[in-house]
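First up is the structure itself, then whatever we jot down about it.
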Amino acid sequence: MDGFLRDPEFPRHLPVVRFVDETLQREMAQYVTMHALIIHRQQRAFDAAQREGIWRQRMLARPSRELRIGILGMGDIGAVTAERLKLFDFQVFGWSRSRKDIPGVTSYAGQKELGAFLSQCDILVCLLPLTPDTEGILNAALFAGLPQGAWVINVARGGHCNEADLLAALDSGHLAGAVLDVFQTEPLPPDSPIWKHPRITVTPHIAGITDPRNAASFVADCVARAERGEHFPNRVDLSRGY
């Protein structure tokens, strides 16, 4: 919605409906779970050892039940992601505007509880909507609230992340690494230092790809509802931006 709301000519008297697709939700959850497991199992170190031809056996730093993963944004995708991560015995925490009730997931809500939430995140996953309140939320102050050696995974919007602050937190050693699927400028410019940073994994905004068939079916359903004068599911609250 952020693109629409930035357009001064956008007709705000018309209803706007969010496209909610279970396939997309599962793909996003799969992406986050994959990278959480790569981080937990130290796969990047084994990749480097293979390149060097070194037989390097490593003990896991901790069992998965001791790894704490925090999700910023507990909407449809955040809830599915939390459920998938729980299947691998990770501790899962969620932070959102309002408190959520998801079995096995500790819920934090509101600005007053953000600090307590961040302090427990060995891996922080951003799945927030991009609004004026959340733009630039991944910044130096937030990174400082994470434990030493934490990771950041951003699969929401590039506008959430202050990339200069992220690079500084990585270079200082406070953050151990980052997985980025979204960027302030897309495609990511060839001269961006993010491309070659040794502690960043880059993917080209592919964590979840909309299936055109599902999208077409959703649009057709919305058109039919409009013609019948029926309620729209997932209608956007323009005052909140999602």
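Only one of the numbered conditions (1) of a type in the set (A, V, I, L, M); (2) in contact with a strand residue (DSSP E or B) (Cβ under 9 Å, 6 or more places away or on another chain); (3) surrounded by fewer than 19 Cβ atoms within 10 Å (Cβ to Cβ); (4) under 19 Å from residue 63 (Cα atoms) is not met by residue 87, and that is (2). Taking the listed residues 26, 62, the one that is among the basic types (Lys, Arg) and either under 30 Å from residue 213 (Cβ atoms) or touching a helix residue (DSSP H, G or I) at 6+ places or on another chain (Cβ under 7 Å) (or both) is 26, with no other qualifying. Of all the residues in the range 170-207, those that are small (Gly, Ala, Ser) and closer than 18 Å to residue 69 by Cβ number 4. Just one residue in the set 25, 30 is among the polar types (S, T, N, Q) and either modelled with pLDDT under 95 or surrounded by 16 or more Cβ atoms within 10 Å (Cβ to Cβ) (or both); that residue is 25. Name the single residue, out of those in the range 110-145 being of a type in the set (D, E, K, R) and either at pLDDT below 95 or crowded, with 20+ Cβ neighbours inside 10 Å (or both), that is farthest from residue 28 (Cα to Cα). In this case the residue turns out to be 133. Figure legend. Inter-residue proximity from the range 183-209: first residues under 23 Å from residue 24 (Cβ atoms), second residues outside any loop (DSSP other than H, G, I, E, B) and of a type in the set (A, V, I, L, M), beta-carbon distance below 6 Å, spacing 6+ or different chains. Indicated pairs: 201/179; 202/180; 207/28; 208/24; 208/28.
Can you confirm whether residue 164 is under 30 Å from residue 47 (Cα atoms), in contact with a Ser or Thr (Cβ under 9 Å, 6 or more places away or on another chain) and either touching a residue at least 40 places away in the same chain (Cβ under 8 Å) or not in a loop (DSSP other than H, G, I, E, B) (or both)? Considered against the rule, which asks whether it is under 30 Å from residue 47 (Cα atoms), in contact with a Ser or Thr (Cβ under 9 Å, 6 or more places away or on another chain) and either touching a residue at least 40 places away in the same chain (Cβ under 8 Å) or not in a loop (DSSP other than H, G, I, E, B) (or both), residue 164 comes out as no.
Screening residue 239 with (1) assigned to a loop (DSSP other than H, G, I, E, B); (2) touching a residue at least 12 places away in the same chain (Cβ under 8 Å); (3) on the phi < 0 side of the Ramachandran plot gives one miss only, at (2).
The values are calculated or read from the model by the stated rules, or taken from the named source; none is laboratory data. If you're wondering where the values come from, they're calculated on a predicted model, not measured in any experiment. With ideal geometry, Cβ positions are generated from the backbone for all residues, glycine too; neighbour counts draw on all protein chains shown.
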